[in-house]
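Reading through the structure tokens given below for one structure.
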Protein chains: 2
Amino acid sequence: MALIVQKFGGTSVGSVERIRHVAQWALDSQANGNDIVLVVSAMSGETNRLVELATQINPIPYSREFDMLIASGEQVAVGLVSLAINTEAERRGLLSVAGAKAKNYWARPLLGHQIGIKTDSIYSKARIQAIDTTLLKREIQKKVIPVIAGFQGVDPDNNITTLGRGGSDTSAVAIAAALSADDCEIYTDVDGVYTTDPRLCPDARKISRISYEEMMELASLGAKVLQIRSVELAAKYKLPLHVRSSFNRMEGTRVVPQELLGSKMEQVVVAGVAADGSQTKFTLQNIPDRPGVAARVFGALSQASIVVDIIVQDVPSNGRLTISFTVGRPDFLSAKQVLRDIKDTIYPEMVVVEEKDLAKVSIVGVGMQHHPGVASQMFALLAKAGINIKLITTSEIKISCLVDDSQMMQAVQQLHEGFELHKTD
Amino acid sequence: MALIVQKFGGTSVGSVERIRHVAQWALDSQANGNDIVLVVSAMSGETNRLVELATQINPIPYSREFDMLIASGEQVAVGLVSLAINTEAERRGLLSVAGAKAKNYWARPLLGHQIGIKTDSIYSKARIQAIDTTLLKREIQKKVIPVIAGFQGVDPDNNITTLGRGGSDTSAVAIAAALSADDCEIYTDVDGVYTTDPRLCPDARKISRISYEEMMELASLGAKVLQIRSVELAAKYKLPLHVRSSFNRMEGTRVVPQELLGSKMEQVVVAGVAADGSQTKFTLQNIPDRPGVAARVFGALSQASIVVDIIVQDVPSNGRLTISFTVGRPDFLSAKQVLRDIKDTIYPEMVVVEEKDLAKVSIVGVGMQHHPGVASQMFALLAKAGINIKLITTSEIKISCLVDDSQMMQAVQQLHEGFELHKTD
């Protein structure tokens with residue numbers, strides 16, 4: 001008897017047909033002798049519909065109102081999924097119609113506030129602070145399947161908050177951790193985590209097991225399968241995740257503590273190749289080399305809510321500095337404006353060189369901590385393919401290179417083959 | 001300085017344009033020196049969309065799931081209306097952008113559970129049991145406009161409940177009563193309460209003042225302007241209602257205590273003519289005249305959730321009874337089935353005569369309590385027009401006649417003119 005938290009994303013509850021399927025799956029999992037808790041996202045398309053309404057009223061909606069608005073999408077989904085489970089339970093003869101409709105439900109729809117998912121007050125990207133498991137444990141004890149709205153919580157003043165894009169993953173992991181669940185299954189529209197994006201490389205292969213650390217790097221590098229915060233949280237509680245498809249019954253990818261990867265770990269140096277094709281780069285030249293320059297530039301960008309990714313600073317020459325950094329395409333214009341202001345008011349002599357249409361290609365693997373020469377092998381592979389590297393950044397388990405967007409696919413394929421990712425597992 | 005509760009129905013918040021208009025209206029009302037509390041319904045069409053989703057999963061949805069699902073419609077509406085008010089307040093220079101977005105909001109969206117609208121657990125037609133006004137009073141004190149989701153509450157086990165069709169009216173009245181508001185304005189897509197349905201009678205005239213009792217009779221007779229429970233509740237607390245259009249600035253109809261109608265009351269015998277064109281009638285003949293017959297028949301109908309309207313029982317002859325009753329067209333087939341079962345199992349000798357395509361035409365007026373001969377005048381007017389009466393039922397301030405559906409419009413016009421409703425006010 002295991003306690004399993006199953007999270008279903010937007011496409012997995014995207015239609016009445018899919019919702020019926022989720023209900024059958026949950027009842028099948030329960031029939032296998034498990035206690036089941038569901039966490040669901042809004043039906044695909046629903047959140048966009050609500051965002052569209054809000055932005056018609058105000059292009060930059062007030063975030064408290066915005067959160068209340070979009071949290072309604074998950075409410076619709078839990079209502080429908082719970083309805084589908086009760087209906088399916090009735091069809092399977094698990095409960096008598098009269099009894100069920102009176103009080104004896106097989107599932108129970110629950111919103112963030114109803115099970116006390118307490119968050120801070122940072123609307124639209126709130127962080128969970130506590131979950132009260134009293135009610136959940138009581139329902140599980142009674143063999144009721146709680147169907148919980150992901151993505152939402154309440155702040156100390158009882159306002160509705162939401163957890164940011166992909167926040168239902170984090171809801172699921174937090175609930176699983178709070179309940180000390182045995183497993184947390186993340187159902188999505190892909191079969192699992194791949195060695196790279198199959199659209200970029202036909203040799204891409206599903207990874208059967210991956211460490212939290214690798215998953216975090218892959219998630220932050222654009223593999224949209226899991227919200228990165230959910231992986232952090234799972235790592236903190238050593239909660240096993242199972243990323244899998246709700247469209248078939250295949251095993252997906254298990255995200256587990258590094259030590260559980262076992263002896264294989266030594267062989268797998270690079271676990272995956274990630275690519276993000278919407279990068280832009282700014283190079284600031286001829287800035288005076290004085291303390292506080294970087295703080296001033298990146299402080300101004302941060303105040304404008306621009307997320308800077310890679311930052312590289314050259315050795316100063318003749319008392320002059322060169323700083324390069326990248327931002328995502330959506331932030332390009334605002335970043336340009338911020339730099340213009342800085343040039344006008346602080347560094348009139350500064351020269352700004354901009355470059356659009358870039359891509360970031362990265363290799364990720366816990367194994368590279370113990371294997372020297374991975375970086376040079378990456379550079380050599382790219383050079384062999386005639387791909388020019390425009391910036392490099394590294395972490396303990398990741399190396400990223402900025403290349404021309406037009407060469408991204410070629411770079412991914414070259415690295416995937418060069419590190420033999422089609423072979424391992 | 002008055003405290004005004006303003007309720008906006010589905011068509012009044014049916015588009016982004018209408019929602020902007022509501023925001024302007026609320027701020028104008030506030031600028032006139034009033035404290036404002038809003039109660040809003042779901043955008044028109046939204047509830048039907050959700051019902052359609054639910055019935056695809058189960059034609060008779062479980063009511064707890066159903067309530068959680070459809071309550072999301074009001075959540076969307078309060079999010080958008082509150083957003084529109086804050087945006088409009090910003091446009092009017094009432095709040096600084098930075099301050100407003102940080103914490104200094106002009107409006108606050110609030111759901112049933114957030115202000116403690118406690119109901120019983122009769123899902124889909126829950127009754128309000130208590131409203132906690134602490135939070136509301138605090139917000140009003142701070143000159144914040146609370147934007148409250150109508151139609152919804154929470155039961156003792158913290159499940160979301162809804163108050164039934166038109167329940168937002170009842171929410172508004174209950175909140176106004178709990179706050180001891182000076183006025184409760186019900187904004188809708190018609191100009192007020194009419195002496196009769198203008199589609200049936202071109203002479204129909206807007207009533208400027210009407211008593212709770214008359215309004216209740218008109219509401220129960222098919223004038224869909226107000227949920228009948230909201231009028232009951234307003235009467236209980238002697239809360240003045242003002243039914244008016246959100247599409248123009250005209251005065252609507254004020255629903256007030258009978259004693260406030262003043263001396264005019266004596267002159268107005270009939271306040272309005274109501275018509276309901278979807279009636280069907282069953283006549284049960286040749287039933288044994290034994291105690292408990294009526295209880296058995298109507299008990300069985302009630303168990304099948306069939307609402308019976310008029311009931312007439314003749315004087316028995318030869319130990320045999322005749323009972324006639326009416327049900328709405330939607331219940332016709334289920335009623336027929338119930339009667340077939342009764343005939344098969346209890347009264348094999350019973351003869352059932354059914355008649356479809358009937359209409360109920362009624363006159364309503366508190367004045368008729370003190371004016372004899374109103375009933376005979378009604379029958380004479382109908383007879384003069386050659387309209388045959390199939391059943392009659394009366395209350396202290398109402399007389400209803402069942403006629404052929406094809407003659408409904410003629411009957412309404414004849415009564416409207418005969419009682420000089422185009423003239424009075």
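The values are calculated or read from the model by the stated rules, or taken from the named source; none is laboratory data. Keep in mind the model is a prediction, meaning the values are calculated, not measured. Note that we place each Cβ from the backbone using ideal geometry, even for glycine, and neighbour counts take in every protein chain shown.
Data for the structure
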| read-out | value |
| --- | --- |
| Options A:Gly418, A:Gly386; residue that is at positive phi and over 23 Å from the mean Cα position of the chain (by Cα) | A:Gly386 |
| Selection count where residues are charged (D, E, K, R) and within 14 Å of chain A (Cβ to nearest Cβ), scope the stretch B:4-19 | 2 |
| Residue match in the stretch A:251-265 (condition: farther than 30 Å from A:Trp25 by Cα and either in contact with a Gly (Cβ under 9 Å, 6 or more places away or on another chain) or crowded, with 19+ Cβ neighbours inside 10 Å (or both)) | yes |
| Residue in the stretch A:43-57 that is under 28 Å from A:Asp183 (Cα atoms), more than 7 Å from chain B (Cβ to nearest Cβ) and touching a strand residue (DSSP E or B) at 6+ places or on another chain (Cβ under 8 Å) present | no |
| Check on A:Leu50, among the aliphatic types (A, V, I, L, M), without any contact (Cβ under 8 Å) to a residue 60 or more places away in the chain and under 24 Å from B:Ser121 (Cβ atoms) | no |
| Test: residue in the stretch A:385-399 that is small (Gly, Ala, Ser) and touching a strand residue (DSSP E or B) at 6+ places or on another chain (Cβ under 7 Å) | no |
| Subset of the stretch B:281-331 (residues that are among the polar types (S, T, N, Q), closer than 21 Å to B:Glu349 by Cβ and out of contact with any Lys or Arg (no Cβ under 8 Å at 6 or more places or on another chain)) | B:Thr283, B:Gln313, B:Ser317, B:Asn318, B:Thr322 |
| Members of the stretch B:193-214 that are outside any loop (DSSP other than H, G, I, E, B) and hydrophobic (A, V, I, L, M, F, W, C) | B:Ile210 |
| Hey, B:Gly93 out of contact with any Cys (no Cβ under 9 Å at 6 or more places or on another chain) and either within 12 Å of another protein chain (Cβ to nearest Cβ) or without any contact (Cβ under 8 Å) to a residue 40 or more places away in the chain (or both) or not | yes |
| Long-range neighbours under 6 Å by Cβ, at least six apart or interchain, first residue within 8 Å of chain B (Cβ to nearest Cβ) and free of Cβ contacts under 8 Å to residues at least 12 places away in the same chain within the stretch A:63-74, second surrounded by 24 or more Cβ atoms within 10 Å (Cβ to Cβ) and among the aliphatic types (A, V, I, L, M) | A:Glu65/B:Leu83 |
| Wholly within the stretch A:1-106, helices (runs of 4 or more DSSP H) carrying at least 3 residues that are surrounded by 23 or more Cβ atoms within 10 Å (Cβ to Cβ) | A:16-31, A:63-91 |
| For A:Val268: the one exception among (1) closer than 30 Å to A:Glu185 by Cα; (2) touching a strand residue (DSSP E or B) at 6+ places or on another chain (Cβ under 9 Å) | (2) |
| Conditions (1) closer than 30 Å to A:Glu417 by Cβ; (2) aliphatic (A, V, I, L, M); (3) not in a loop (DSSP other than H, G, I, E, B); number of the one not met by A:Val269 | (3) |
| Condition met for A:Asp314 (in contact with a strand residue (DSSP E or B) (Cβ under 7 Å, 6 or more places away or on another chain), buried (at least 16 other Cβ atoms within 10 Å of the Cβ) and modelled with pLDDT under 90) | no |
| Counted residues, the stretch A:112-127 - those being buried (at least 20 other Cβ atoms within 10 Å of the Cβ) and farther than 28 Å from A:Trp25 by Cα | 3 |
| Selection status of A:Glu217, surrounded by fewer than 24 Cβ atoms within 10 Å (Cβ to Cβ) and either touching a helix residue (DSSP H, G or I) at 6+ places or on another chain (Cβ under 6 Å) or part of a helix (DSSP H, G or I) (or both) | no |
| Matching entry among A:Val225, A:Val231, A:Val243, A:Val190 (being buried (at least 22 other Cβ atoms within 10 Å of the Cβ) and modelled with pLDDT under 90) | A:Val225 |
| Hey, B:Asn248 surrounded by fewer than 15 Cβ atoms within 10 Å (Cβ to Cβ), in contact (Cβ under 8 Å) with a residue 60 or more places away in the chain and not in a helix (DSSP H, G or I) or not | no |
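Yes/no per residue for (1) of a type in the set (Asp, Glu); (2) closer than 24 Å to B:Arg254 by Cα; (3) in contact with a strand residue (DSSP E or B) (Cβ under 8 Å, 6 or more places away or on another chain):
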site: B:Gly93; (1), (2), (3): no, no, no
site: B:Leu111; (1), (2), (3): no, no, yes
site: B:Leu136; (1), (2), (3): no, no, yes
site: B:Lys142; (1), (2), (3): no, no, no
site: B:Asp155; (1), (2), (3): yes, no, yes
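So that you can scan it fast, the table gives a plain yes or no per residue for (1) surrounded by fewer than 20 Cβ atoms within 10 Å (Cβ to Cβ); (2) away from chain B (no Cβ under 14 Å):
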| site | (1), (2) |
| --- | --- |
| A:Arg108 | no, no |
| A:Ala130 | yes, yes |
| A:Thr134 | yes, no |
| A:Gly150 | no, yes |
| A:Asn158 | yes, no |
| A:Asp169 | no, yes |
| A:Ala177 | yes, yes |
| A:Ile186 | no, yes |
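Conditions tested, residue by residue: (1) under 19 Å from B:Leu218 (Cβ atoms); (2) without any contact (Cβ under 8 Å) to a residue 40 or more places away in the chain; (3) touching a helix residue (DSSP H, G or I) at 6+ places or on another chain (Cβ under 7 Å); (4) small (Gly, Ala, Ser).
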site	(1), (2), (3), (4)
B:Val273	yes, no, yes, no
B:Val297	no, no, yes, no
B:Pro316	no, yes, no, no
B:Val327	no, no, yes, no
B:Lys343	no, yes, no, no
B:Gly365	yes, no, yes, yes
B:Ser376	no, yes, no, yes
B:Lys384	no, yes, no, no
